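Enquirer: This is the structure I have questions about; it appears just below.
The values are calculated or read from the model by the stated rules, or taken from the named source; none is laboratory data. Quantities reported herein were computed from a predicted structural model and do not represent experimental measurements. All Cβ positions, glycine included, derive from the backbone under ideal geometry; neighbour counts span all protein chains shown.
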Ligand SMILES: *Cc1c(COP(=O)(O)O)cnc(C)c1O
């Protein structure tokens, strides 16, 4: 069963004494390289360093909580993805995972394309110099103003998500005298999350147009009949934090089947398919993500095999990793404020951030790891729950983890793998000031998104 099949989730059934944790690592001082960005290590004094800079210095200069993003790791992951897929495929970074102008420049320099799903993301991308033809525009309810902006900017593709949108985009494109390149997002009836996927009965969601009852074929018919649209392919995105390629297998098979039906009915072979994103990363030592080259090979083998069977020319493949590129490249640094041991249960460790800088634990029951990073310790492991400072008991950052029993207020702890969907989903709950994102590289650290200030809060509140 996928997690989404349990709306009540284990988090509501959870009894405090029942944890979902595994035994503590043999040595809590050892940083599992799977969950930390590439340049993270401990220096001679035992403090964590990233890009050659110790966390104490980072905390002093930039404050806590803060996200520290390992720029060379980010760039290396971009290159690994584009090299793995090669010149006959396209890698689109999913900007919703984390987008800033610096990130756009890195992507542009590393040759990646970019997915956006709002006017704000599009503005950021264009402002930082991403060529419009390398941008794909997504979303299930793009406004007319957003479509106008995307069409006039000349984005490389708009991914159509409904019958209304097919007509809307066609009219806007025609009004501007262009043929807009588009894909149609189809719902293939597969939903994948983490290690499992469900291959039927997942049409019940807001994205895409269902394959199952001929809706997608009808959408294709309409798109092909409109002068304003240049239909280049079909798009499918099946889930998030996926490790098992079986969901992609089913999805690719169904998408190729649709391409074959389109050829039979219209005599056209659409040149592209987009298999979406959702590839998993290691949040804890239990997770075993695949390398980009294994994913690329698996996907291209599946598509090639299905196309041979359907006697179709193999289309150009695109993929849209967000989390898999940015997720592992950042950690959140917090200062420990209070520590409450609950006899026979666990110890609550409160930090200076919380659900305002990482909503994923509360929202998805996400798992994270945590480490003491300002020093090493030989104390016994203690079972902890890392919680934030918000007025909400669900304000949990790391549900179950082990930290050394001599943990004290003022210690710095860090939660790795927070590069994706943490700053981008951050909120001002309790009028929290959203933390900065600091890029670290080769001994230098610079703010790429600054910390919010109280003036920022008051500026929006016009009285
Ligand atoms: C969210 C999303 C992605 C990226 O998902 P990740 O889990 O970050 O890889 C890619 N494509 C589409 C259409 C999405 O909605």
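Enquirer: Here are 69, 114: which of them is in contact with a helix residue (DSSP H, G or I) (Cβ under 8 Å, 6 or more places away or on another chain), under 29 Å from residue 294 (Cα atoms) and within 15 Å of the ligand (Cβ to nearest atom)?
Expert: Checking each option against the conditions leaves just 114.
Enquirer: Quick check on residue 80: is it within 16 Å of the ligand (Cβ to nearest atom), closer than 20 Å to residue 280 by Cβ, buried (at least 24 other Cβ atoms within 10 Å of the Cβ) and not assigned by TED's automatic domain parsing to the domain that holds residue 423? Walk me through it before giving the result.
Expert: On the way: within 16 Å of the ligand (Cβ to nearest atom): yes; closer than 20 Å to residue 280 by Cβ: yes; buried (at least 24 other Cβ atoms within 10 Å of the Cβ): no; not assigned by TED's automatic domain parsing to the domain that holds residue 423: yes.
Considered against the rule, which asks whether it is within 16 Å of the ligand (Cβ to nearest atom), closer than 20 Å to residue 280 by Cβ, buried (at least 24 other Cβ atoms within 10 Å of the Cβ) and not assigned by TED's automatic domain parsing to the domain that holds residue 423, residue 80 comes out as no.
Enquirer: Let me ask something else about it. Filter the range 280-293 down to the residues that are in a helix (DSSP H, G or I) and more than 16 Å from the ligand (Cβ to nearest atom) and list them by number.
Expert: Within the range 280-293, 293 is the sole residue that qualifies.
Enquirer: Give me a count of the residues in the range 344-362 that are farther than 14 Å from residue 384 by Cβ and modelled with pLDDT under 95.
Expert: Result for the range 344-362: 1.
Enquirer: It is to be established whether one or more residues within the range 34-54 are within 16 Å of the ligand (Cβ to nearest atom), at pLDDT 95 or above and closer than 26 Å to residue 337 by Cα. Please lay out each step first, then the result.
Expert: Just the residues of the range 34-54 that are within 16 Å of the ligand (Cβ to nearest atom), to begin with: none.
Looking for residues that are within 16 Å of the ligand (Cβ to nearest atom), at pLDDT 95 or above and closer than 26 Å to residue 337 by Cα, one finds none in the range 34-54, hence no.
Enquirer: Name the single residue, out of those in the range 242-274 being in contact with a helix residue (DSSP H, G or I) (Cβ under 7 Å, 6 or more places away or on another chain) and within 16 Å of the ligand (Cβ to nearest atom), that is farthest from residue 316 (Cα to Cα).
Expert: 245
Enquirer: So which residues in the range 312-369 are part of a helix (DSSP H, G or I), within 15 Å of the ligand (Cβ to nearest atom) and surrounded by fewer than 23 Cβ atoms within 10 Å (Cβ to Cβ)?
Expert: Residues satisfying the conditions are 360, 363, 364.
Enquirer: Here's a follow-up. Would you say residue 277 is outside any helix (DSSP H, G or I), in contact (Cβ under 8 Å) with a residue 40 or more places away in the chain and assigned by TED's automatic domain parsing to the domain that holds residue 164?
Expert: yes
Enquirer: So residue 87 clears everything in (1) without any contact (Cβ under 8 Å) to a residue 60 or more places away in the chain; (2) assigned to a helix (DSSP H, G or I); (3) not assigned by TED's automatic domain parsing to the domain that holds residue 356 except one condition, right? Which one?
Expert: (2)
Enquirer: Assuming residue 256 fulfils every condition listed in (1) under 28 Å from the mean Cα position of the chain (by Cα); (2) more than 19 Å from residue 291 (Cβ to Cβ); (3) not in a helix (DSSP H, G or I) apart from one, which condition is it?
Expert: (3)
Enquirer: Look through 138, 171 and report the one residue that is away from the ligand (no atom under 16 Å from the Cβ) and either surrounded by fewer than 23 Cβ atoms within 10 Å (Cβ to Cβ) or closer than 30 Å to residue 102 by Cα (or both).
Expert: Details: 138 fails: away from the ligand (no atom under 16 Å from the Cβ).
Sole residue among the options that is away from the ligand (no atom under 16 Å from the Cβ) and either surrounded by fewer than 23 Cβ atoms within 10 Å (Cβ to Cβ) or closer than 30 Å to residue 102 by Cα (or both): 171.
Enquirer: Going through 389, 399 one at a time, which residue ends up being crowded, with 16+ Cβ neighbours inside 10 Å, in contact (Cβ under 8 Å) with a residue 12 or more places away in the chain and not in a strand (DSSP E or B)? Walk me through how you get there before you give the answer.
Expert: Working: 399 fails: not in a strand (DSSP E or B).
That would be 389, the only listed residue that is crowded, with 16+ Cβ neighbours inside 10 Å, in contact (Cβ under 8 Å) with a residue 12 or more places away in the chain and not in a strand (DSSP E or B).
Enquirer: Which members of the range 1-19 meet the condition of being in a loop (DSSP other than H, G, I, E, B) and either surrounded by 12 or more Cβ atoms within 10 Å (Cβ to Cβ) or modelled with pLDDT of 65 or more (or both)?
Expert: At the first step, the residues of the range 1-19 found to be in a loop (DSSP other than H, G, I, E, B) are 1-2, 6-8, 14-19.
Result: 2, 6, 14, 19.
Enquirer: Also, I was wondering about something else. Tell me, yes or no, whether the range 373-391 has at least one residue that is under 20 Å from the mean Cα position of the chain (by Cα) and at negative phi.
Expert: No, that holds for no residue.
Enquirer: Within 14 Å of the ligand (Cβ to nearest atom), in contact (Cβ under 8 Å) with a residue 60 or more places away in the chain and farther than 30 Å from residue 435 by Cβ: does that describe residue 300?
Expert: no
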